[in-house]
Amino acid sequence: MAGTSSFVQKLGNSIKKVSESKSSSWWYNHHMRAASRAIFQRIPLVDFVLEVRDARIPVSSAYEQLRSFPSSSKKIIILNKMDLANNSNTKEWMAYFKEQNYVPYAINSHNKDNIKEFLNFLQAKVRDLRRNAHLSNTHTTSVMIVGIPNVGKSAFANSLHQIGRITAAEKGKLKQATVSPHPGETKNITSLKIASHPNIYILDTPGILPPKIVDIERSSKLALTGAIADSLFDQSELAQYFLSILNLSHEYKKWEKISGELELDKKVNQIMNDHTQDVVVRAVRQALFKDISAFKGNLDDEKDMVQLIEAQFTTLRKVFNVNSDSFEAANNIVAGKLINLYRTGRLGHYTLDSLQET
């Protein structure tokens, strides 16, 4: 979209510099290189591969290493974080992957019922495998979970493990995979049991990015959804990119019914410092709706979009109760809070990859 192109260019170029810098200790570091080799060696040996992608970016979050292996029924594409994506778009992407002869499954790894349904689906796949391959009853099925950083692999693995511990012997001390909101926290391949009779084990693996990402639009989407460490680029650039998407979407129109001015007494001012409070989220939605609705410029024009976003930053500094002598520092604080609200679904549900692009 024309209104977002300049923000994509700016953010994407910043990320590209980091990915090409040999001094970067995060991008494709020795942990990723070692894990990449280990995963590559094990993929042919497991019974199933669950490629976890972010439902908001079903193509941009693809795991590059699987390109070396032909598509087969042993690979299942998991569209995780479906609760943060546009529901209609997720259904369209599911249909698209099925047309391409993939096996897709959309999940929310924090929804127990959703995980139970997937576990039943996976067990049916295992039974088919055992029957078709004439495997013995003692055969242990291994399932490897792979994906880029921060798509929710470890949360998914833990949820399967918790739901799948069905026998008394397995209800002891819970072994868990490391879960963190920061990408790149999983360093080793972890084995977790998720079912008995027959035994099924999953292997949770570290998130791996390719050594370089040439496509700046893809890298911008990865940054916005949290696959790339926030410390590697300017948070204000990231927030500007998000606001350009919001301003061109229909999400803000859902906030029209939010009415009433907040009485900014001392108690409310204290609350406003915590951007996760419901009253603050409502105030943010209300303020953004007013700014976008009142704007008379052309949002397909870069200069007009920049003008609106500058006005929105000014508004959000007041809403978030940010006081700083440094204009840049204040904007970074606003940016951090805004991006957190986006990533937790408090500011709408967006699917950033479009089928038209594909």
Check the stretch 242-253 and report whether any residue there is modelled with pLDDT under 85, under 24 Å from Y350 (Cβ atoms) and within 16 Å of the chain's Cα centre (by Cα).
-> no
Just to be sure, is K296 farther than 19 Å from G336 by Cβ, of a type outside the set (A, V, I, L, M) and surrounded by fewer than 19 Cβ atoms within 10 Å (Cβ to Cβ)?
-> yes
When you scan the stretch 40-49, how many residues do you find that are within 23 Å of L119 (Cβ to Cβ) and surrounded by 14 or more Cβ atoms within 10 Å (Cβ to Cβ)?
-> 6
Answer from R130, R67, R53 - the residue that is within 22 Å of I39 (Cβ to Cβ) and touching a strand residue (DSSP E or B) at 6+ places or on another chain (Cβ under 9 Å) | R53
Might you let me know whether the stretch 37-48 holds any residue that is of a type in the set (V, I, T), out of contact with any Ser or Thr (no Cβ under 8 Å at 6 or more places or on another chain) and either farther than 15 Å from K153 by Cα or at pLDDT below 90 (or both)?
-> yes
Among the residues of the stretch 306-329, is any within 16 Å of I245 (Cα to Cα), of a type in the set (S, T, Y) and part of a helix (DSSP H, G or I)?
-> no
Scan the stretch 50-77 for residues that are modelled with pLDDT of 95 or more and either in a strand (DSSP E or B) or surrounded by 24 or more Cβ atoms within 10 Å (Cβ to Cβ) (or both) and jot them down.
-> L50, E51, V52, R53, D54, A55, R56, I57, P58, S61, I76, I77
Would you tally the residues in the stretch 177-190 being at pLDDT 55 or above and exposed (fewer than 15 other Cβ atoms within 10 Å of the Cβ)?
-> 2
Evaluate the stretch 110-133: report whether one residue or more is assigned to a loop (DSSP other than H, G, I, E, B) and free of Cβ contacts under 8 Å to residues at least 60 places away in the same chain.
-> yes
Taking the condition touching a Gly at 6+ places or on another chain (Cβ under 6 Å) and either at pLDDT 80 or above or surrounded by fewer than 19 Cβ atoms within 10 Å (Cβ to Cβ) (or both), does N87 pass?
-> no
Can you pull out the residues in the stretch 280-336 that are touching a helix residue (DSSP H, G or I) at 6+ places or on another chain (Cβ under 8 Å) and aromatic (F, W, Y)?
-> F289, F295, F313, F320
Inspect the stretch 87-100 for any residue being of a type in the set (A, V, I, L, M) and under 30 Å from Q356 (Cβ atoms) and give the result as yes or no.
-> yes
From the set of residues in the stretch 284-338 that are basic (K, R) and over 23 Å from S6 (Cβ atoms), which is nearest to the chain's Cα centre (by Cα)?
-> K337
Filtered residues of the stretch 277-292 (kept if touching a residue at least 40 places away in the same chain (Cβ under 8 Å) and not aliphatic (A, V, I, L, M)) = R285
So which of T358, T315, T344 is among the β-branched types (V, I, T) and touching an Asp or Glu at 6+ places or on another chain (Cβ under 6 Å)?
-> T315
Going through the stretch 317-358 one residue at a time, which ones are among the acidic types (D, E) and touching a residue at least 24 places away in the same chain (Cβ under 8 Å)?
-> E328, D353, E357
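Here is a yes/no grid of residues against (1) without any contact (Cβ under 8 Å) to a residue 12 or more places away in the chain; (2) of a type in the set (G, A, S); (3) not in a loop (DSSP other than H, G, I, E, B):
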{"position": "I194", "(1), (2), (3)": "no, no, yes"}
{"position": "P206", "(1), (2), (3)": "no, no, no"}
{"position": "L209", "(1), (2), (3)": "no, no, no"}
{"position": "S219", "(1), (2), (3)": "no, yes, yes"}
{"position": "L224", "(1), (2), (3)": "no, no, yes"}
{"position": "S231", "(1), (2), (3)": "no, yes, yes"}
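The values are calculated or read from the model by the stated rules, or taken from the named source; none is laboratory data. Because the structure is a prediction, the values reported are computed rather than measured. Reconstructed Cβ throughout: ideal geometry from the backbone, glycine too, with neighbour counts over all protein chains shown.
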